[in-house]
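Beneath this line is the structure, given in structure tokens, with notes to follow.
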Amino acid sequence: MDRRYNVLFLCTGNSARSIMAEAILNHRGAPNFKAYSAGSVPSGFVRPEALKLMEQARLPINGLRSKNWYEFAKPGAPKLDFVFTVCDKAAKEVCPIWPGQPMTAHWGVPDPAAAYGSPEDVEKAFRDAFMILDRRIGLFLCLSLSSLDELAIQKNIDDIGRR
């Protein structure tokens, strides 16, 4: 199948986890995937610790910004194939819920922006979140594209059956 999949990573503040996931997938998943990120209550900035990690991993950071998820609900927004929430329910964060047709999944990742302690402790929290996201995205990319198309077709059939 020769198509591109649009993936949205959602979290609350869109300052670290979802932005790192966007950068990782755009780098590792090109040209078959285009990633975006957004938050239900965006902070309005990208955490410098996240930017530093992405630069160290040699990921492009140009154009990364904290944005509201409503940008992806407007007319003319990219049609989304997958939406992954990356908030951490264990930390009692409220995860945004994406309505509509894309396949959705929850990838709970502890929020490094909520980390406190020494600078080394905060750096470790960001590094741990980055590694978790990188591993999950790597596993996601191991799925065959034809399997993704079959999942999407089955989901659409299931959705039609529920109407």
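Please treat every number below as a calculation from the coordinates, not as lab data. Keep in mind that what you see is a predicted model, and the values were worked out from it rather than measured. Every residue, glycine as well, gets a Cβ built from its backbone with ideal geometry; the counts of neighbours run over all protein chains shown.
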Just subtract the alpha-carbon distance of M131 and Y70 from 0.36 nm times their residue separation and send over the number in nm, one decimal. 19.2 nm
What is the gain in length, in nm to one decimal, between H27 and V41 on full extension, counting 0.36 nm per residue of separation less the C-alpha to C-alpha distance? 2.5 nm
State, to one decimal in nm, how far the label point of S118 lies from the label point of Q56, with both points 7 Å from Cα in the Cβ direction. 1.5
Show me 28-41, 11-24 ranked by packing, highest mean number of other Cβ atoms within 10 Å first. 11-24, 28-41
What are the residues whose amide H is under 5 Å from the amide H of F33, where those residues sit 5 or more places off or on another chain and H is modelled from the backbone? Y5
